[in-house]
Amino acid sequence: MDLDPATRYEIEQKLSVIGALLKRDNRPTATDAELWEHCRRLSRGELGEPTGPELLRALRVAFDHGYQPALVDLTATAYRLRTVGFYAETVARDHRQTLVAGRWPHDGGPDDPWPVEVGPGWITGTCVLAHTDLLTVGRTDTVTSTPVAPGTTPWQLADAVIALIETEPDRWRGDTRPTRVTDVPFAASQASPGGGALSLIHDGVHWTDTFQRHLADLVDDRLTDPDPVRGQAATVFSGMAGDEFVTQADGLLIHRHAGLLVFSDGHTTDCEFILSIHFPGDGA
């Protein structure tokens with residue numbers, strides 16, 4: 001179907017804007033049916049049912065000019081990973097940029113590699129972009145990587161990275177230090193595990209946000225020394241105060257991130273449900 005040149009130009013310009021907005025909002029690319037529906041609405045009734053594949057292809061070019069299906073924003077992917085509780089950053093590798101990600105920070109060396117790498121990318125302004133013709137995502141402990149399909153959004157790429165991270169426990173500083181997790185009677189959470197321990201116990205009276213602030217200060221104070229390890233042995237009791245049993249986690253606590261306490265084997269405890277936490281003292 002032929003369109004008035006002025007109408008067609010207006011539709012193409014608006015399609016480009018629609019494509020850019022969908023990409024910005026991490027929405028998938030438009031199907032042919034969705035693209036034609038956009039065109040019908042923008043044509044003010046001049047377009048009817050889909051006819052003419054040549055016109056549809058031309059309109060797809062205009063849409064893709066804004067959507068840029070062959071490009072993925074790795075900076076946005078790293079931001080998404082961080083907002084859902086993972087660590088991610090972009091690093092320089094052989095004059096290219098690589099997205100690296102894991103459950104907690106790594107130094108990237110042979111003894112402490114990041115679990116997942118995505119690349120290659122390059123810096124454009126304030127962003128790191130990657131072309132899907134070249135982009136792959138894979139674990140650093142294997143020789144295989146998976147290509148990234150055109151039209152992949154930053155959030156979809158983040159989901160693929162998370163799926164790979166979760167295929168096996170993330171190794172912290174080249175090792176996995178297990179966490180012992182058991183259910184215990186609620187009363188046990190009210191007692192320190194040994195003499196000389198540094199403890200914080202929710203008394204059920206003061207405001208929860210006050211306890212959370214004290215908890216954050218205590219954990220952060222204990223995890224400030226980066227050498228030789230950032231972890232601290234800890235016992236954490238979590239659950240609902242009215243429950244008969246709560247969860248006791250004993251292990252090496254390595255950081256507090258995105259509302260969670262994270263142990264060295266990847267076990268996490270939601271800070272909102274912590275009833276008490278205990279760090280062994282120097283003499284314990």
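One table, with the values for the structure above:
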quantity	calculated
Selected residue (only one of GLY102, GLY108, GLY85 is more than 18 Å from THR153 (Cα to Cα), of a type outside the set (Phe, Trp, Tyr) and without any contact (Cβ under 8 Å) to a residue 24 or more places away in the chain)	GLY108
Single residue of THR132, THR90, THR136, THR126 found to be in contact with a helix residue (DSSP H, G or I) (Cβ under 9 Å, 6 or more places away or on another chain), over 21 Å from HIS267 (Cα atoms) and surrounded by 15 or more Cβ atoms within 10 Å (Cβ to Cβ)	THR90
Some residue of the stretch 167-180 being out of contact with any Cys (no Cβ under 6 Å at 6 or more places or on another chain), part of a strand (DSSP E or B) and modelled with pLDDT of 90 or more	yes
Segments classed as strands (runs of 3 or more DSSP E), wholly inside the stretch 215-276, with at least 2 members that are of a type in the set (A, V, I, L, M, F, W, C) and either outside the structural domain of ALA88 (by TED's automatic domain parsing) or farther than 21 Å from ALA101 by Cβ (or both)	232-238, 245-257, 260-263
Single residue of the stretch 145-161 satisfying the filter (small (Gly, Ala, Ser) and assigned to a loop (DSSP other than H, G, I, E, B)) that is nearest to PHE86 (Cα to Cα)	SER145
Number of the exception - PHE263 against (1) of a type outside the set (Asp, Glu); (2) under 19 Å from ASP183 (Cα atoms); (3) modelled with pLDDT of 90 or more	(3)
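The values are calculated or read from the model by the stated rules, or taken from the named source; none is laboratory data. Model, not experiment: these values are computed from the prediction. All Cβ positions, even for glycine, are placed from backbone atoms using ideal geometry, and neighbour counts span all protein chains on display.
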